[in-house]
Amino acid sequence: MDGQVNKPHRQSKKSKEKKKQHTGEPNPKAFAFANPGKLAKQAARSHDIREKRLHVPLVDRVPDEPPPRLVTIVGPPGVGKTTLLKSLIRRYAKETIQDPVGPITIVTSKKQRLTFLECPNELEAMVDIAKVADIVLLMIDGNYGFEMETMEFLNILAATGMPGNVFGVLTHLDLFRKPQALKDAKKRLKHRLWSELYQGAHLFYLSGVLNGRYPDREIHNLSRFLSVMKNPRPLVWRNSHPYSVVDNYRDVTHPTKIEEDEKCDRSIELSGYLRGTNFTASGQRVHIAGLGDFTISSMETLPDPCMTPAMEQALAKADGKKGRRRLDEKDKRLYAPMADRSGLKITGDHIVITREKGFTFDKDAEGVERGEGEQLIIDLQGERRLLGQTEQGVKLFASGDQITQVPEENDTGRKSQRKARFAERDEQDDDEFPDDEGFVSGDDAEGSDVETEFNEKKLGKMFRNQDGKAQNAQEADVAFADSDSDLGSLSSGDDDDEDDDEEEDDEDDLDSDEEGASMKWKDKMMVRAKFLHGKRPSFRATDLARLMYDESLSAGEVLKKWRGEEDEDEEEDIEMDEDDTFFNRVGKLGEDENREDRVIPRFDYEALSAKWSQEDAIEALRSRFATANLVDEAGNEDGSGSENEDGEDDEGDGAFEDLEEGDDDEDGEEGDDDDEEQDEETPEVNLEAEREKNARRKEELKLRFEEEDREGFKNDKAIARKESGNPEFAEDEWYEAQKATLQKQQDINKAEFEALDEGQRANVEGFRAGKYGKMIIEGIPAEFVKNFKARMPIIVGGLSAAEDRFGFVQVRIKKHRWHKKILKTGDPLIFSLGWRRFQSLPVYSISDSRIRNRMLKYTPEHMHCFSTFYGPLIAPNSSFVCFQSFSSANPSFRIAATGTVLSVDESSEIVKKLKLTGTPYKIFKNTAFIKGMFNTSLEIAKFEGAAIKTVSGVRGQIKRALAKPDGHFRATFEDKILLSDIVFLRAWYPIKPHRFYNPATNLVGWQSMRLTGQIRRDQDLATPQLKNSQYRKIERPTRRFNTLKVPRALAAELPFKSQIVQTKPQKKETYMQKRAVLVRGEEKKARDLLQKLTTIRKDVAAKRRAKKEEKRVEYRKKQADVEERMENNQKKESKAYWEREGKKRKPGDFGGGGGRGESRVVCLSVCLSVEELDKK
């Protein structure tokens, strides 16, 4: 057993192979592409995704404090728009509004506000709202589906500019009884919405209504989504025009004008947040949708009525107050001036207060809930009090005490003339005032009421003695001052201690002559003024702008005041008599030669003439002009070219060099030597110099081209890229660099405007977007005030200078595929172009081989065409939408066409095809005389040489007019024509569109232009029948042509297949011609009898058929009655069956409930045979 040797185990293949050591180099198999085709697709897709996010960079004009986003709720009637608006207001503001009308602004977060606006079910409002909406909530009845109003609004959005945020909201989902039916309806409507908007468009679901609102959880989800949305890419039209959505309206017309004429033009005040670009400070032309074009008479910004906590925090930081960090419930604000909020509704120039449970105006009643308007009335019904008076009393000044009662005075009022008060002065000063000057002396003041008028506390400090008592008017003269302010404050009873100390120290100085003339309080006034106001910052743009237009200051004084370099010793003499300096300039004018605002600057003309007489200076100046040699500049970019041949710096910036330095004689001698050497050169050297000169000239032309090139090497953009250190960009960096350039320029503009105050900034920059503005517009028709509806939105859009002009607009237009009728040239069409809605008469045309625009009578099907109409000029590439009528009585799709503006021009060239027909009356081989085409020889002379053509295709040319018959002419053709041919001339007639412009002023009552057929139908007029326009039977006589005669020579040369075969007539009669059939006797009678019998048989058969047809008619009538009775019976039985089955089944067994009342009928068609009904 010990020597037994077992068979060794077989080694595995892996162990036999030697494992290769890893060399550290990359393994090519590990990084190989498993599927190259899939890799190529992924690369292409990633490249497409990267390219989709790239677009033309636009300037972001959203201000730091942006206006509220406009959220519009759009949908057909009865879909739940008002319910959704109430639910959102309740969600954000914790407040219930019974009648939400007009724009409603709500603070939703710390830095965001939303303005909700319900779109009424009128096409005019839908068109206007589509131009300004930031977020669109498209409401859809889930139980019914998409309706005509929804599809119209989506197409209007697509034509005027689709905003980035359009969401669908499904309602009436509680009418579905089966979950599967609800799921299928959601899926179907979601995909239908995606096909209209884009794949992945958001769709929200609102199940039912609880307590007049949608469920809180569903509204919460919708509101959260609205709060976290980002700003989409701005639309080009809104990014280049100012506009505002009016949320408050007031009639500010003077009442006397209305009393004199009730239909006078009104002046209205419109308020709202400014959006888009900036409104100009004065003379801004605007268009009010539904009213027309106006000029803003006055405009100003108001305090923001609905500020966000961030804005309040910024204001508090500027004022030194501490602001809140979060949005508390009490800080949530709601601004709805047109809506009924808490029983208070502002409508025009009056306030309406409503309350369902009646009013309780008892202010002492406790436990009574009062609205805001009711509380306002109760506060106004209190007892009569003074302004600012409360239970504690009235406070006149902020630092004063409360006054509870007014002391009674027996002796009130002045009993005699007020006496003048004079300051102490010497005898010389007293002599200067004569007695007849109108002043009352101190001796005559005895027995007056001066003592009762002035007391110790009311007088200033200079009228008190050392003991603090007032001077007696009988002992000394009363102090005199130039004005009431010089007497001191009459209410300064609580002066500072420092002033009292100064009074005691300087008491002796009051007795001097100098201080007696000038008041004590004026002592060191300039020193104190400089101490208080001399520390202002210099170099302020506001001070400079104010001082520059002060005509009383010279230029030197303006600079000194702006820099703060005023001389202390230059002070005004306060003792100077005011009358002496009244008509003099306050500022000190220097000599005229030293003034800085001289019209002609001072120069040393001798030095200038000496400088510019030198050739070096002229050559240095030559590079500043268009004829400069740019080759030298390009070759000396490293700095060597900035020096002259003498090594001196070139003072090309205008600085003068010292002409005394340098010797001009030596330079002249060197120049003479160079000329002598050039004369001794050989012709070969001259040829080389000429070639070098040509090369330098080509190089100079190349550099000039690159300088003028937009993307060249020496333009501003290239220099800016070179200075920034990024001369070249990668594929993805270029887009970011363009955005950075735009942002940099925007930051520069912002920094420049921030240096100005609000008034100057508004004059220069205009009223910025984001502010709450008030604009007053005059000349408004009185019908606007009379027919004002708060539900209709009022859009005020700014107009540019070009948009205020009118002319012919050329557009590319296409009839909408859902519109039933094609459009006809000359029929009125309503255009929504820019801010305007107007009616015009378009003329349709198409490009005919790029030679002419040929007029079309009707628009082509499924194809674009050109159109020209008269209207306001607008920028090319602006889109528009057209309608035939705004009336809701039209049940079909109301959008007639859409298109884009191509160009604007004062004139247009459209031609119409015109065919002139005539007939020949004389033919001479290839020449013929034509009549009936023209009336006079003058018309023929205009068309000499024109090409004509016959109906059969023979071409010709007009030659000359005939002398005798006026209007006849001679023409030649390429072949002989017939007298029966019709000759026509195809010409082109220019068409001019009508200058018709009818603005759609629906806010004041508007009647659109009607077609002739509509007027006849409305007035019940018969259509006139023209004799030549009536259809009549056309009888054409049979034309007989001569036989074709072929010459024998031509017939002999024809090929065998084309030879004309003609049989010769036979001289002998044939057998059939010789044979004659004669009917005799019995055979003749038999044929006659057979003919009669056949006739009788046919007559009997015809009568039999007529009899059978009558019976068949009766039979068919009976059968129709039987079928009708059977169908009625089947309907009754089917209805009774489903009534019984519907009561037996449970509510959740059947899906898809009813609609929205009587306007929705769901028809359920069930096919059941009679046998099945019998079984049931």
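Would you mind stating whether Gly967 is open to solvent by less than 80 Å² (accessible area, probe 1.4 Å) and assigned to a loop (DSSP other than H, G, I, E, B)?
It is true that Gly967 is open to solvent by less than 80 Å² (accessible area, probe 1.4 Å) and assigned to a loop (DSSP other than H, G, I, E, B).
For segment 787-795, state whether one or more residues are more than 30 Å from Asp265 (Cα to Cα), modelled with pLDDT of 85 or more, open to solvent by less than 70 Å² (accessible area, probe 1.4 Å) and within 23 Å of the chain's Cα centre (by Cα). Explain how you work it out, then say what you get.
The first filter runs over segment 787-795 and keeps only residues more than 30 Å from Asp265 (Cα to Cα), leaving none.
Checked against the condition, which is being more than 30 Å from Asp265 (Cα to Cα), modelled with pLDDT of 85 or more, open to solvent by less than 70 Å² (accessible area, probe 1.4 Å) and within 23 Å of the chain's Cα centre (by Cα), segment 787-795 yields no hits at all.
Taking the conditions exactly as written (part of a helix (DSSP H, G or I), closer than 28 Å to Ile104 by Cβ and open to solvent by less than 60 Å² (accessible area, probe 1.4 Å)), does Leu235 satisfy them or not? Walk me through it before giving the result.
Numbers: part of a helix (DSSP H, G or I): no; closer than 28 Å to Ile104 by Cβ: yes; open to solvent by less than 60 Å² (accessible area, probe 1.4 Å): yes.
So Leu235 does not fit the description; no.
Can you name every residue in segment 808-825 that is loosely packed, with under 15 Cβ neighbours inside 10 Å and out of contact with any Lys or Arg (no Cβ under 8 Å at 6 or more places or on another chain)?
Initially, segment 808-825 is screened for residues loosely packed, with under 15 Cβ neighbours inside 10 Å, giving 812, 817-818, 820-822, 824.
Correct list: Arg812, Arg817, Trp818, Lys820, Lys821.
Those residues that are farther than 24 Å from Pro66 by Cα, assigned to a strand (DSSP E or B) and either open to solvent by 60 Å² or more (accessible area, probe 1.4 Å) or not β-branched (Val, Ile, Thr) (or both), I need them from segment 250-294; list them, please.
Within segment 250-294, Arg250, Asp251, Arg266, Ser267, Gly292, Asp293, Phe294 qualify.
Looking at segment 907-922, can you tell me whether even one residue there is aliphatic (A, V, I, L, M), out of contact with any His (no Cβ under 6 Å at 6 or more places or on another chain) and closer than 30 Å to Ala158 by Cβ?
Checked against the condition, which is being aliphatic (A, V, I, L, M), out of contact with any His (no Cβ under 6 Å at 6 or more places or on another chain) and closer than 30 Å to Ala158 by Cβ, segment 907-922 yields at least one hit.
Can Val811 be described as closer than 26 Å to Gly290 by Cβ and among the β-branched types (Val, Ile, Thr)?
Yes: the conditions hold for Val811.
Quick check on my filter: what residues within segment 63-112 are farther than 19 Å from Ile135 by Cα and assigned to a loop (DSSP other than H, G, I, E, B)?
Asp64, Pro77, Gly78, Lys94, Glu95, Thr96, Ile97, Gln98, Lys110
Can you say whether Leu39 is open to solvent by 50 Å² or more (accessible area, probe 1.4 Å) and not in a helix (DSSP H, G or I), as far as the supplied structure shows?
No: the conditions fail for Leu39.
Filter segment 189-227 for residues that are open to solvent by 30 Å² or more (accessible area, probe 1.4 Å) and among the aromatic types (Phe, Trp, Tyr); which is farthest from Glu147 (Cα to Cα)? Give the steps one after another, and end with the answer.
To start, the set of residues in segment 189-227 that are open to solvent by 30 Å² or more (accessible area, probe 1.4 Å) comprises 190-192, 194-200, 202, 204-205, 207, 209-213, 216-218, 220-221, 224-225, 227.
After this cut, where a residue has to be among the aromatic types (Phe, Trp, Tyr) as well, the list is 194, 198, 204-205, 225.
Values: Trp194: 16, Tyr198: 19, Phe204: 18, Tyr205: 17, Phe225: 26 Å.
Applying the filter and picking the extreme gives Phe225.
Anything in segment 1081-1090 that is of a type outside the set (D, E, K, R) and either closer than 30 Å to Ala1052 by Cα or surrounded by 10 or more Cβ atoms within 10 Å (Cβ to Cβ) (or both)? List them, or say none.
Matches in segment 1081-1090: Ala1086, Leu1089, Leu1090.
Can you confirm whether segment 121-138 contains a residue that is within 23 Å of Leu170 (Cα to Cα), surrounded by fewer than 23 Cβ atoms within 10 Å (Cβ to Cβ), among the acidic types (Asp, Glu) and at pLDDT 90 or above?
yes
How many residues does segment 836-889 hold that are among the β-branched types (Val, Ile, Thr), open to solvent by 70 Å² or more (accessible area, probe 1.4 Å) and within 14 Å of Ile813 (Cα to Cα)?
Residues in segment 836-889 being among the β-branched types (Val, Ile, Thr), open to solvent by 70 Å² or more (accessible area, probe 1.4 Å) and within 14 Å of Ile813 (Cα to Cα): 0 in total.
So which residues in segment 136-188 are small (Gly, Ala, Ser), within 30 Å of Phe880 (Cβ to Cβ) and assigned to a loop (DSSP other than H, G, I, E, B), if there are any at all?
Those that are small (Gly, Ala, Ser), within 30 Å of Phe880 (Cβ to Cβ) and assigned to a loop (DSSP other than H, G, I, E, B): Gly161, Gly164.
At least 3 residues that are closer than 30 Å to Thr868 by Cβ and open to solvent by less than 100 Å² (accessible area, probe 1.4 Å) in each: list the helices (runs of 4 or more DSSP H) lying fully within segment 971-1080 that qualify.
1012-1019
Name the residues in segment 922-937 that are open to solvent by less than 90 Å² (accessible area, probe 1.4 Å) and either part of a strand (DSSP E or B) or in contact with an Asp or Glu (Cβ under 8 Å, 6 or more places away or on another chain) (or both), would you?
In the first step, residues of segment 922-937 are kept if they are open to solvent by less than 90 Å² (accessible area, probe 1.4 Å); the result is 923, 926-934, 936-937.
Of everything in segment 922-937, those that are open to solvent by less than 90 Å² (accessible area, probe 1.4 Å) and either part of a strand (DSSP E or B) or in contact with an Asp or Glu (Cβ under 8 Å, 6 or more places away or on another chain) (or both) turn out to be Ile923, Asn926, Thr927, Ala928, Phe929, Ile930, Lys931, Thr936, Ser937.
For (1) of a type in the set (D, E, K, R); (2) within 25 Å of the chain's Cα centre (by Cα); (3) over 23 Å from Leu154 (Cβ atoms), each residue gets a yes or a no:
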residue: Lys187; (1), (2), (3): yes, no, no
residue: Tyr198; (1), (2), (3): no, yes, no
residue: Val209; (1), (2), (3): no, no, yes
residue: Asn231; (1), (2), (3): no, yes, no
residue: Val236; (1), (2), (3): no, yes, no
residue: Lys257; (1), (2), (3): yes, no, yes
residue: Asp265; (1), (2), (3): yes, no, yes
residue: Gly272; (1), (2), (3): no, yes, yes
residue: Thr277; (1), (2), (3): no, yes, yes
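All but one of (1) farther than 17 Å from Thr898 by Cα; (2) of a type outside the set (A, V, I, L, M, F, W, C); (3) surrounded by fewer than 19 Cβ atoms within 10 Å (Cβ to Cβ) hold for Thr115; which doesn't?
So Thr115 meets the others, but not (3).
Determine, yes or no, whether Lys814 is among the basic types (Lys, Arg), more than 22 Å from Ser878 (Cα to Cα) and out of contact with any Asp or Glu (no Cβ under 8 Å at 6 or more places or on another chain). Spell out how you get there, then give the answer.
Values: among the basic types (Lys, Arg): yes; more than 22 Å from Ser878 (Cα to Cα): no; out of contact with any Asp or Glu (no Cβ under 8 Å at 6 or more places or on another chain): yes.
Here the answer is no, as Lys814 does not meet what is asked.
Looking at segment 938-961 only, could you name the residues that are surrounded by fewer than 17 Cβ atoms within 10 Å (Cβ to Cβ) and either in contact with a His (Cβ under 7 Å, 6 or more places away or on another chain) or over 30 Å from Phe866 (Cβ atoms) (or both)?
Of everything in segment 938-961, those that are surrounded by fewer than 17 Cβ atoms within 10 Å (Cβ to Cβ) and either in contact with a His (Cβ under 7 Å, 6 or more places away or on another chain) or over 30 Å from Phe866 (Cβ atoms) (or both) turn out to be Leu938, Glu939, Ala941, Glu944, Gly945, Val951, Ser952, Gly953, Arg955, Gln957, Lys959, Arg960.
For residues that are in a loop (DSSP other than H, G, I, E, B) and hydroxyl-bearing (Ser, Thr, Tyr), tally how many sit in segment 856-889.
Residues that pass the stated criteria total 5.
Identify, from the list Asp247, Asp174, the residue that is among the acidic types (Asp, Glu) and surrounded by fewer than 19 Cβ atoms within 10 Å (Cβ to Cβ).
Just a single option satisfies the conditions, and that option is Asp174.
Taking into account only those residues within segment 890-921 that are surrounded by fewer than 15 Cβ atoms within 10 Å (Cβ to Cβ) and not in a strand (DSSP E or B), which is nearest to the chain's Cα centre (by Cα)?
Glu906
Filter segment 238-248 down to the residues that are outside any strand (DSSP E or B) and in contact with a helix residue (DSSP H, G or I) (Cβ under 9 Å, 6 or more places away or on another chain) and list them by number.
Across segment 238-248, the qualifying residues are Arg238, His241.
The values are calculated or read from the model by the stated rules, or taken from the named source; none is laboratory data. As the structure is a computational prediction, the values presented were derived from the model and not from experiment. Here Cβ is always computed from backbone atoms with ideal geometry, including for glycine, and neighbour counts include all displayed protein chains. For accessibility, only protein heavy atoms count, side chains too; no ligands or nucleic acids. Shrake-Rupley method; radii C 1.70, N 1.55, O 1.52, S 1.80 Å.
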